[in-house]
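Enquirer: Quick one: structure below, then a few questions.
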Amino acid sequence: MTEQQIIAWLRQGDPQGMDALLGQYGPLMRYVISPILPNPQDREDCLSEAAMKVWGKIDTFDPQRGAWKSWLTALTRNTALNHARRARWGNRAEALTPDLPSPAPTPEEALLRRERQEAVRAALQKLPAKDRALLYRKYYYRQSTAQIAAELGLTERGVEGRLYRLKRRLRHVLGGELDG
């Protein structure tokens, strides 16, 4: 079954697409979810939620903007992070009163944030692919040091040392803007 066939089924609203998605990409989605959600029941709930988000947002996938697996893992990761946040805060919602300031950033804050993000992206692109992948595994996919070490055939201390040196190099390139 090809990636294009699964995407076509999902776009058509064909239930076969959901079965194929979970059959072919379920293990990848679980792999992304597992370091973020330690509870097995939360993982399964999150997998279902992520699959439903794929179903509902498939029209936002644009192959010109990025690869299918990148889109899928980003959506899955963000769903897991949101799931973890909801679990941490107990799904509580507080009513906002009209006199509270808007939580949205000001235009200046938004511009500064975009500039910082672009600087970090540019600095990451200057790193070798192996080092960039290590940083993504630890800080984007939130994998544990033990998991990274086991999968790369390194010691945990070796992984921590490489991460320390990489963060120090990025800090130097970015002029000390990067927090510990």
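Enquirer: Output the residues belonging to region 37-49 that are open to solvent by 60 Å² or more (accessible area, probe 1.4 Å) and in a helix (DSSP H, G or I).
Expert: The answer is PRO40, GLN41, ARG43, GLU44, ASP45, SER48.
Enquirer: Before we move on, is LEU154 part of a loop (DSSP other than H, G, I, E, B), modelled with pLDDT of 90 or more and either of a type in the set (Ser, Thr, Tyr) or surrounded by 11 or more Cβ atoms within 10 Å (Cβ to Cβ) (or both)?
Expert: Judged against the criteria, LEU154 is a match.
Enquirer: Another question, then. Please go through region 9-36 and give me each residue that is among the small types (Gly, Ala, Ser), surrounded by 13 or more Cβ atoms within 10 Å (Cβ to Cβ) and at pLDDT below 90, ordered by number.
Expert: GLY17
Enquirer: If I filter region 104-119 for residues that are surrounded by 14 or more Cβ atoms within 10 Å (Cβ to Cβ) and in contact (Cβ under 8 Å) with a residue 12 or more places away in the chain, do I get at least one hit?
Expert: Checked region 104-119: at least one residue is surrounded by 14 or more Cβ atoms within 10 Å (Cβ to Cβ) and in contact (Cβ under 8 Å) with a residue 12 or more places away in the chain.
Enquirer: Out of (1) modelled with pLDDT under 90; (2) assigned to a helix (DSSP H, G or I); (3) more than 29 Å from ILE148 (Cα to Cα), the odd one out for ARG86 is which?
Expert: Failed condition: (3).
Enquirer: Further question on the same structure: Identify all residues within region 51-78 that are surrounded by 17 or more Cβ atoms within 10 Å (Cβ to Cβ) and polar (S, T, N, Q); write none if there are none.
Expert: THR73, THR76, listed by residue number.
Enquirer: Starting from region 125-139, keep only residues that are farther than 12 Å from VAL159 by Cβ, then list their pairs with residues that are open to solvent by less than 50 Å² (accessible area, probe 1.4 Å) and part of a helix (DSSP H, G or I) whose Cβ atoms are within a distance under 6 Å, requiring at least 6 positions of separation or different chains.
Expert: ARG132/LEU124
The values are calculated or read from the model by the stated rules, or taken from the named source; none is laboratory data. On a predicted model such as this, the values are computed, not experimentally measured, just so you know. When we count neighbours, we look across all protein chains shown, and the Cβ atoms used for this are built from the backbone with ideal geometry, even at glycine. When the accessible area is computed, the model is the full protein with side chains, heavy atoms only, and any ligands, DNA or RNA have been set aside. Shrake-Rupley method; radii C 1.70, N 1.55, O 1.52, S 1.80 Å.
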